[in-house]
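Report on the following structure.
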Amino acid sequence: LEIPNGNVIKKNYVGKNIQNYDSMLVISHFKGHPMGGYGGALKQLSIGVASSKGKRYIHCTGKENGSYEDMFNVKQEEFLEAMAEAASSITEYFKGNIAYINIMCNISVDCDCCSTAKEPCMKDIGILSSLDPVALDKACIDLVYNSNDPGKEHLIDRIESRKGTHIIDVSQKLGIGSKDYELIIIDK
């Protein structure tokens, strides 16, 4: 998929079968992440939808034949910008036919992709949904910061040390969504 307004990457490599679909439901386990700071809807739109080649391309901030070592020698802001740009190509492709769910349970500082992820550091918060991935991730971040759970400090440290919220800012600038939201709580 082309990314005409991309600064870091100009294309996004995705699986060929994306052409078989006219809508998408993005379900994400919201938690920390060793590279992105956190993982939610925006990460799932970028890395989650990318092909194997696309994952490497995003992680290597646009190097066509980037190596495994290259993935860990990129500027953090550029990596997050590449993820936002990849996410923008997916939202543009589906043109509003996407819904998002972030599950805030078993919240660890590590991603499910880690071979030995750390145990959860916070109590379950709940399940959030939106038609706006930027608002959804921002709401999840705000719930972590506003939580009374003492374990939140571990997750906040992970997010801040990796400049994780930069993807939210860049995604809003790219027009993927807005950081403004209204949180509507539905009790059981």
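The values are calculated or read from the model by the stated rules, or taken from the named source; none is laboratory data. The model shown is predicted, which means the values in this text are computed figures rather than measured ones. Ideal geometry is used to build each Cβ from the backbone, glycine not excepted, and the neighbour counts take in all protein chains shown. Calculation scope for accessible area: heavy atoms of the full protein, side chains included, ligands and nucleic acids excluded. Shrake-Rupley method; radii C 1.70, N 1.55, O 1.52, S 1.80 Å.
Note down the magnitude of the dipole of the chain about its Cα centre, charges +1 on Lys and Arg C-beta and -1 on Asp and Glu C-beta and zero elsewhere, to the nearest 20 debye.
Dipole about the Cα centre, nearest 20: 440 debye.
Going toward the positive end of the dipole of segment 103-188, with +1 on Lys and Arg Cβ and -1 on Asp and Glu Cβ, which of Ser171, Ser108, Tyr181 do you reach last?
Ser171
May I ask which of Lys10/Lys179; Lys43/Lys163; Lys138/Lys173; Lys31/Lys123; Lys11/Lys173; Lys11/Lys63 have a Cα-Cα span longer than 20 Å here?
Lys10/Lys179
Only Cα pairs under 8 Å and at least 6 apart count here; give the relative contact order of the chain as a rounded whole percent. Please report the intermediate quantities before stating the final value.
Details: 357 pairs, mean separation 49.1, N = 188.
Relative contact order comes out at 26 percent.
Would you work out the charge dipole size for segment 114-158 about its Cα centre, treating the Cβ of every Lys and Arg as +1 and the Cβ of every Asp and Glu as -1, and quote it to the nearest 20 debye?
Computed charge dipole of segment 114-158: roughly 60 debye.
Please list, or write none, the aspartates and glutamates whose alpha carbon is within less than 16 Å of the alpha carbon of Lys16, excluding same-chain residues fewer than 8 places away.
Of all the aspartates and glutamates, those that pass the test against Lys16 - Cα under 16 Å, at least 8 places apart if same chain - are Glu2.
What are the residues whose amide H is under 5 Å from the amide H of Val14, where those residues sit 5 or more places off or on another chain and H is modelled from the backbone?
Under 5 Å from the amide H of Val14 lie the amide H atoms of Ser51, each far enough along the sequence or on another chain.
5 Å is the cut-off here: which amide hydrogens, built 1.01 Å from N in the peptide plane, fall below it relative to Ile107, excluding neighbours closer than 5 in sequence?
Here the answer is Cys121, Met122, since their amide H atoms fall under 5 Å of that of Ile107.
Per residue of the chain, what 222 nm ellipticity follows from adding -39500 (n - 2.57) for every DSSP H run with n ≥ 4, rounded to the nearest 500?
The helix contribution divided over the chain gives -10000 deg cm²/dmol.
Once you put a point 7 Å from the Cα of Lys118 and another 7 Å from the Cα of Lys173, both along the Cβ direction, what distance in nm separates them?
2.9
Show the residues, 5+ positions off or on another chain, whose built amide H is closer than 5 Å to the amide H of His29.
Ile103
Once phi is turned into ³J(HN,Hα) by the Karplus curve 6.51 cos²θ - 1.76 cosθ + 1.60 with θ = phi - 60°, what whole-Hz value does each residue of segment 170-186 show in order, with x for glycine and proline?
5, 4, 5, 4, 6, x, 5, x, 10, 6, 7, 7, 10, 8, 10, 8, 10
With θ set to phi - 60°, apply the Karplus curve 6.51 cos²θ - 1.76 cosθ + 1.60 along segment 159-164 and write out the HN-Hα couplings as whole Hz, x wherever there is a Gly or Pro.
Computed from phi, the couplings for segment 159-164 are 4, 6, 5, 9, 6, x Hz.
Within the chain, what whole-number % of the accessible surface is contributed by carbon and sulfur, with the 1.4 Å probe and all protein chains included in the calculation?
Summing carbon and sulfur atoms, their accessible area is 49 percent of the total for the chain.
Could the peptides 5-16, 44-55 be put in order, highest first, of the mean number of other beta-carbon atoms found within 10 Å of their residues?
The most tightly packed comes first, giving 44-55, 5-16.
For segment 79-85, take each phi angle, set θ = phi - 60°, evaluate the Karplus expression 6.51 cos²θ - 1.76 cosθ + 1.60, and give the result in whole Hz per residue in order, putting x for glycine and proline.
Working through the residues one at a time gives 4, 5, 5, 4, 5, 4, 5 Hz.
Suppose we keep just the DSSP beta bridges with both residues in the chain; what percent of those would be antiparallel, to 5?
Numbers: 11 of 17 bridges.
Roughly 65 percent of the beta bridges in the chain run antiparallel, per DSSP.
Please give the contour-minus-distance gain from Ser161 to Tyr145: 0.36 nm per residue of separation, less the Cα-Cα distance, rounded to one decimal in nm.
In short, 4.3 nm is gained.
Probe of 1.4 angstrom, ligands and nucleic acids ignored: what's the accessible area per residue over segment 16-130, in square angstrom?
Details: 5580 Å² over 115 residues.
Spelled out: the 1.4 Å probe surface of segment 16-130, per residue, equals 49 Å².
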